[in-house]
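Notes for the one structure printed next.
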Amino acid sequence: MLAGDFYTYIINEKKEGVIVATITFNRLHPIFEGHFPQIAVVPGVCQVQIIKEIIIKELNTDFQLSSAREIKFLSLINPDNTAELNLTINYEYTDSDNLKVGAQFTLGETMFLKFKAEYIKKKKASEQCIKNGECCVIIPTYNNSNTLKKVIEDVKAFTSHIIVVNDGSTDNTSEILKTIINIKVITHQKNKGKGGALRTGFAEALKSGFKYAITIDSDGQHLAKDIPLFYDVISNNPGSLIIGSRLLIQENMPGKNTFANKFSNFWFRLQTGINLKDTQSGFRLYPLLDIDKMKLFSAKYEYELEILVRAAWRNINIIAIPIDVYYPPKEERITHFRPLRDFTRISVLNTIFTFLAIIYYRPALFFKKIKNKTNKTK
């Protein structure tokens, strides 16, 4: 809580859909010097926290900000020689669980911030995700120190069952993880690839007694607010493998990602007869006992594709659900995908699976359908 020591506020107006407040900052608070020495600036994270705190108190809610990616800053607040700013919050309830909020800080005629976000009720989502203690979240990470902490904190809003696999990171990932409490951290001394990291995470999840595991990437591409969607679906479709299907035509979407995904989708359909729009999404829910029975030989990026194909061949129900996704601008983007090497691995895997599908899986599926039709006519 920033209120009290850092700022106080009074409500100038409060009516249906609108809150108007005047905020007075404590200019002697160390946050001014701690973040921006000798410059009187309130950091953006404080702006967000202030809005959240006022909404929670004045509307008596238990809401958690769903994603910082939805925040649009015009500039940071710089109160110059004054310590007072006005805050106007416009809000509307979209249904019983959601609150849409727009807010702006002003000083005189100058607008310092525009804020748009969707708030999601924390309590209900958390109850869904940790129901019966069956589901955990696995976060594999390799050199994503810029986004890792926020991803973990966002996930914490929905579950306390978090396993982070540090896959031999060489940046300051280890130091960051030491500052985060109430998570299980497993560290690979050397990088084993995403497949290796997921293997380790799955083994730990099974050891801890979990039935399902949701995997989410640590680069900030996936949004934790979508976690409850997975649990809603698995509650009604137990034993399924759920894959988060991204909208692949949007701002900052890398062109090579679109091609690679279409390429993968084509081969997956050929091998399994199942049409999926996003076979490369890493935001998934896995049935752990079924995954544990699979004999998987991949270790890198192709590991997720191998699981998907083998799940289809085992008649595990595969369900795709739409999810939101964030792609940072090209200059901020970090990827560990090595086009030549990783694409070669995926191509080799597809060649093997296509061969197996032709000589075994597709004929077996054909004869199974004939058998089922024959049984129905008897």
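The values are calculated or read from the model by the stated rules, or taken from the named source; none is laboratory data. All of these numbers come straight from a predicted model, not from anything done at the bench. Heads up, the Cβs are rebuilt from the backbone with ideal geometry, glycines too, and the neighbour counts pull from every protein chain shown.
Identify all residues within the range 1-33 that are among the aromatic types (Phe, Trp, Tyr) and modelled with pLDDT of 85 or more; write none if there are none.
If the condition is that a residue be among the aromatic types (Phe, Trp, Tyr) and modelled with pLDDT of 85 or more, then Tyr9 is the only one that fits.
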Return the residues of the range 166-195 that are part of a helix (DSSP H, G or I), modelled with pLDDT of 95 or more and either within 19 Å of Tyr303 (Cα to Cα) or touching a strand residue (DSSP E or B) at 6+ places or on another chain (Cβ under 7 Å) (or both); say none if nothing qualifies.
Thr173, Ser174, Leu177
When restricted to Leu241, Leu223, Leu288, Leu276, the only residue in the same structural domain as Cys135 (by TED's automatic domain parsing), modelled with pLDDT of 85 or more and touching a Leu at 6+ places or on another chain (Cβ under 6 Å) is Leu288
Is it the case that Ala205 is in contact (Cβ under 8 Å) with a residue 60 or more places away in the chain, assigned to a strand (DSSP E or B) and more than 11 Å from Thr141 (Cα to Cα)?
no
So, in the range 178-196, exactly how many residues are in contact (Cβ under 8 Å) with a residue 40 or more places away in the chain and either over 21 Å from the mean Cα position of the chain (by Cα) or not assigned by TED's automatic domain parsing to the domain that holds Glu302 (or both)?
2
For residues in the range 114-145 being modelled with pLDDT of 90 or more and under 15 Å from the mean Cα position of the chain (by Cα), which is farthest from Leu198 (Cα to Cα)?
Asn144
Matching entry among Ser281, Ser264 (being at pLDDT below 90 and buried (at least 19 other Cβ atoms within 10 Å of the Cβ)):
Ser264
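Does the range 156-164 contain at least one residue that is without any contact (Cβ under 8 Å) to a residue 12 or more places away in the chain, in a helix (DSSP H, G or I) and either among the basic types (Lys, Arg) or in contact with a strand residue (DSSP E or B) (Cβ under 9 Å, 6 or more places away or on another chain) (or both)?
Looking through the range 156-164, none of the residues is without any contact (Cβ under 8 Å) to a residue 12 or more places away in the chain, in a helix (DSSP H, G or I) and either among the basic types (Lys, Arg) or in contact with a strand residue (DSSP E or B) (Cβ under 9 Å, 6 or more places away or on another chain) (or both).
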The range 183-227, subset touching a helix residue (DSSP H, G or I) at 6+ places or on another chain (Cβ under 8 Å) and among the β-branched types (Val, Ile, Thr), residue surrounded by the fewest Cβ atoms within 10 Å (Cβ to Cβ):
Thr187
Give just the number: which of (1) modelled with pLDDT under 90; (2) closer than 29 Å to Phe355 by Cβ; (3) surrounded by fewer than 20 Cβ atoms within 10 Å (Cβ to Cβ) does Ser235 not satisfy?
(2)
